[in-house]
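> Before I ask anything, here is the structure I am working with.
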Amino acid sequence: MKNIDNSKLFLSYSIIFTYILLLFDGYFQFIFDKNIFLFELQEYREDSFYVTSFFNDEKKLGSFLAKMFPLFIFSIIVFKDKFKKIKLEKIASSFILLIFLLIILTTERVAIFIISSFVLLIFFKSNFFLKPKILFLIIAIFLTVILFYYQPEIFSKIKSVLYSTGLLHPGYSDSGKILGEYDEGKFIFSKYHHLQIVTSINLFLENPLFGIGPKNFKNLVLTGWHPHNYAFQILAEIGIFGFIIFISILFFLLFRFFMNFFNFKDRDINSELNIYLIAGFLLNLFPIPSGDFFNNWVNILIYFPVGYYLHLNEN
């Protein structure tokens, strides 16, 4: 038991240190245009930049921070349990706010959705984090508005989700073309994602039982390496049997989440951590735009928290 406690503590130290390092380097890159290794801010459009930190030209910083966030919270709790005399409430709340703002600076819209969901969940359920709640909410809204005011291109990038889905129309130019080169119509996430989903369904219908095989989407489709959606990638590449397993896990997690949510015990830290970990699994697997389900990087982010969850519920 002592070895387990020590390994949990050391792993928590590693995760907290990683977040501190990424926060420092991310904001350093944003302020000075280069990070500590001289990796430059990445440009996705003229005068529009996003933060990547140590990931350099890979747009993965926001995804890493958001998907590892439940383990960061878990690590803070472990640290607090080890050093009971240290008052971590305000420090932890400040870190959450800094993580939230840095993820916005990455302009990764799925990561922003994930971290926003976590912050809302923590705000309404936590007995430890984000206190005092009203003050945190005021500070968070104020800093977010200031960020969008001085970096309007970031707000435009986030708002573009509504344009790409067709829920909002950006308007027309003087020549009659749609502003921003968006497409007419209503789409699932965007026209590109929509077409990938339709393609996945067609591939599934051709191979309904066992699919086309893992990572074979890129060999049969010229428009992408994968469908950018876990559910439809599994449907196309593994077939109905793999899809049933995936959906069963998703519904099981939904059931566990609501059981924990509505049976939440005040000041029971295990109940609180269970909610965050299950929410992390759900947000990781939810059928929203995503990476390649069979990619090693993605699999680490999905499965790494499983050990924490099993340890938390071993009794």
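The values are calculated or read from the model by the stated rules, or taken from the named source; none is laboratory data. Quick caveat, the model's predicted, so the values are computed rather than measured. As a convention, Cβ positions derive from the backbone with ideal geometry for all residues, glycine included, and neighbour counts pool all protein chains shown. For the accessible areas, the whole protein counts, side chains as well, though only heavy atoms, and no ligand, DNA or RNA atoms are used. Shrake-Rupley method; radii C 1.70, N 1.55, O 1.52, S 1.80 Å.
> What's the total number of residues in the range 168-182 that are closer than 23 Å to GLY224 by Cβ and open to solvent by 70 Å² or more (accessible area, probe 1.4 Å)?
Qualifying residue count, the range 168-182: 1.
> On to the next question. Would you be able to say whether some residue in the range 247-267 is surrounded by 14 or more Cβ atoms within 10 Å (Cβ to Cβ), among the β-branched types (Val, Ile, Thr), more than 23 Å from ILE122 (Cβ to Cβ) and touching a residue at least 12 places away in the same chain (Cβ under 8 Å)?
Yes, because at least one residue in the range 247-267 is surrounded by 14 or more Cβ atoms within 10 Å (Cβ to Cβ), among the β-branched types (Val, Ile, Thr), more than 23 Å from ILE122 (Cβ to Cβ) and touching a residue at least 12 places away in the same chain (Cβ under 8 Å).
> Filter the range 197-246 down to the residues that are open to solvent by less than 40 Å² (accessible area, probe 1.4 Å) and among the aromatic types (Phe, Trp, Tyr), then identify the one that is farthest from VAL298 (Cα to Cα).
Among those that are open to solvent by less than 40 Å² (accessible area, probe 1.4 Å) and among the aromatic types (Phe, Trp, Tyr), it is PHE204.
> Okay, next question. Give all pairs with beta carbons closer than 8 Å in which a residue from the range 148-177 that is under 25 Å from THR106 (Cβ atoms) meets a residue that is assigned to a helix (DSSP H, G or I) and of a type in the set (D, E, K, R); count only pairs at least 6 apart in sequence or on separate chains.
LYS157/ARG109; ILE158/ARG109; VAL161/ARG109; SER164/LYS191; LEU168/LYS159
> Being over 17 Å from ASN284 (Cβ atoms) and of a type in the set (A, V, I, L, M, F, W, C) is the filter here; which residues of the range 219-242 pass it?
Passing the criteria: LEU220, VAL221, LEU222, TRP225, LEU235, ALA236, ILE238, ILE240, PHE241.
> Return the total of residues in the range 119-134 being over 26 Å from TYR230 (Cβ atoms), open to solvent by 50 Å² or more (accessible area, probe 1.4 Å) and assigned to a helix (DSSP H, G or I).
Looking only at that region, the number is 3.
> Which of the residues spanning the range 16-54 are more than 13 Å from LEU65 (Cα to Cα) and touching a Leu at 6+ places or on another chain (Cβ under 8 Å)?
TYR27, GLN29, PHE30, ASP33, LYS34, PHE49, TYR50
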